[in-house]
Amino acid sequence: HAPPLLELENIKFNTDEWTNLPVHIASALPRKLHLQPSHPLAITRTLIESQFPKPIYKSYNQLSPIVSVHQNFDSLGFPIDHPGRSRTDTYYVNKQTVLRTHTSAHQADTFRAAETDGFLISADVYRRDAIDRSHYPVFHQMEGARMWSRSVCGGDVVAAIYKDLENLPKHNMVIEDPNPTIHAERNPLQPEHSAEEAQAIAAHLKRSLENVVVEIFGHAKKAAVAAGEAKEEDEPLRVRWIEAYFPFTSPSWELEVFWQGNWLELLGCGVVRQHLPTNAGVPDKIGWAFGVGLERVAMLLFGIIDIRLFWSQDARFLSQFSEGKITRFVPFSKHPPCFKDIAFWLGSSSSAAGGGAVFYENDLMEAVRGAAGDLVEDVRLVDEFIHPKTGRRSLCFRINYRSLERTLTNEEINKLQEQVGAAVVEKLGVELR
Ligand code: PHE
């Protein structure tokens, strides 16, 4: 008999041995938080979009999250053995189809459409991951790109890029950027580009993104000062450029910001690898791309400390925000947490050494989310033990239960813990201790 069909966004998909998309993740698809005008993620999106002028940059905010493996990985040059492709990291609808793990999945198609020189793509993205206050298996990114044609009038694309750079706003923020734009081993020039082209693209990219940071953190600071969490004379904003690696850009960077005592990674970016425009039928275009996590930015703009809150349907959360306004989130109350440990032997009770199946922490996280949903704040390994005689391995994880909306009763938590135990046994084939 044929495997069941999976219906997502009104389309029926075949399932197969690659399918690993649980119902609690599929149910996030219709939420489209970045399109709800008074949701903090949409306010953040609009604020960043306002830094990229129309009609040079066109926004695409409604692209389907269901993409092909080709779009998400192959078109970007991900090697076949890249860990991001594994079923432990990515949600597969079936062997050829995934929920996008990043907005870069749409780069090739948008280059091919070539509607404008620049674009911004905001969307929900999906990754299997740990459970804690800053990680959630569904989050939001904005992709940006800006391209120039080498066959510009006059034929001098480098001059054209510097002319556009001249027209960008200037800022006086302190920037740490100690490395050369191009470094033969760590951050190589692509053979298809001249050093002058890469330098010009990098200069335009960096200034464009620095301007976004100046704008965002200006708002973040104003909101924090108004709420009495920061002072006007507090230390000025510091940012730094770090060398990075992505399969689809070179040279590449990450931008970090010093915020409330910590260096915070904000975005990844770089000079677009030439195979992308070339394979998209626009071989004479060169340019840059970036990808920024919207939750990261929204958490510090609004002072939201738990990523689960973005998914809250509680009016006490939603009513605090309105379109175009950046205000500090006032927690409606802090309910007590409750820890419960779960310990288990790996391998089924029948397998002698507990060898056999490999244990993936992301599988545990998924089972916990499936059974207890957003009532879990974090899950972490607290003990690991190998039995001296049998050689079996035992793991103990601490699950922190906390509702953002109410106080959980003991009875409720015991029931959740029981459901989690059953799910872990069923999904991971382990033996509870
Ligand atoms: N897609 C990358 C990520 O999710 C970010 C990125 C986008 C990097 C565009 C470079 C260019 O980490």
- prompt: Could you say whether any residue in the range 189-199 is within 16 Å of the ligand (Cβ to nearest atom) and either buried (at least 22 other Cβ atoms within 10 Å of the Cβ) or within 19 Å of GLN107 (Cα to Cα) (or both)?
  reply: yes
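Every residue, every condition in (1) buried (at least 22 other Cβ atoms within 10 Å of the Cβ); (2) free of Cβ contacts under 8 Å to residues at least 60 places away in the same chain; (3) away from the ligand (no atom under 12 Å from the Cβ); (4) not hydroxyl-bearing (Ser, Thr, Tyr), yes or no:
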position	(1), (2), (3), (4)
HIS106	yes, yes, no, yes
ARG127	no, yes, no, yes
ARG133	no, no, yes, yes
GLY144	yes, no, no, yes
ARG150	no, no, yes, yes
ASP156	no, yes, yes, yes
ILE161	yes, yes, yes, yes
GLU166	no, yes, yes, yes
- request: Would you check which residues across the range 240-265 are modelled with pLDDT of 95 or more, open to solvent by less than 40 Å² (accessible area, probe 1.4 Å) and not acidic (Asp, Glu) and list them?
  value: TRP241, ALA244, PRO247, PHE248, THR249, SER250, PRO251, SER252, TRP253, LEU255
task: Scan the range 210-239 for residues that are open to solvent by less than 40 Å² (accessible area, probe 1.4 Å) and among the small types (Gly, Ala, Ser) and report the count.
output: 5
- prompt: Can you tell me which of TYR162, TYR136 is over 24 Å from the mean Cα position of the chain (by Cα) and among the aromatic types (Phe, Trp, Tyr)?
  reply: TYR162
- prompt: Which pairs do you get when a residue that is in contact (Cβ under 8 Å) with a residue 60 or more places away in the chain, found in the range 16-28, comes within reach of a residue that is part of a loop (DSSP other than H, G, I, E, B) and open to solvent by less than 40 Å² (accessible area, probe 1.4 Å), reach meaning Cβ atoms under 7 angstrom, with the pair 6+ apart or on two chains?
  reply: ASN20/TYR91; LEU21/TYR91; ILE25/TYR91; ILE25/PRO137
- prompt: From the list LEU395, LEU364, which one is touching an Asp or Glu at 6+ places or on another chain (Cβ under 9 Å), within 15 Å of LEU346 (Cβ to Cβ) and at pLDDT 95 or above?
  reply: LEU395
query: So is PRO83 at pLDDT 95 or above, farther than 22 Å from GLN190 by Cβ, surrounded by fewer than 23 Cβ atoms within 10 Å (Cβ to Cβ) and within 14 Å of the ligand (Cβ to nearest atom) or not?
result: yes
- line: Matching residues in the range 280-313 (within 16 Å of the ligand (Cβ to nearest atom) and not in a helix (DSSP H, G or I)) number 10
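The values are calculated or read from the model by the stated rules, or taken from the named source; none is laboratory data. Here the structure is a predicted model, which means the values were calculated and not measured. With ideal geometry, Cβ positions are generated from the backbone for all residues, glycine too; neighbour counts draw on all protein chains shown. Note: accessible area is taken over every heavy atom of the protein model, side chains too, but ligands, DNA and RNA are not part of it. Shrake-Rupley method; radii C 1.70, N 1.55, O 1.52, S 1.80 Å.
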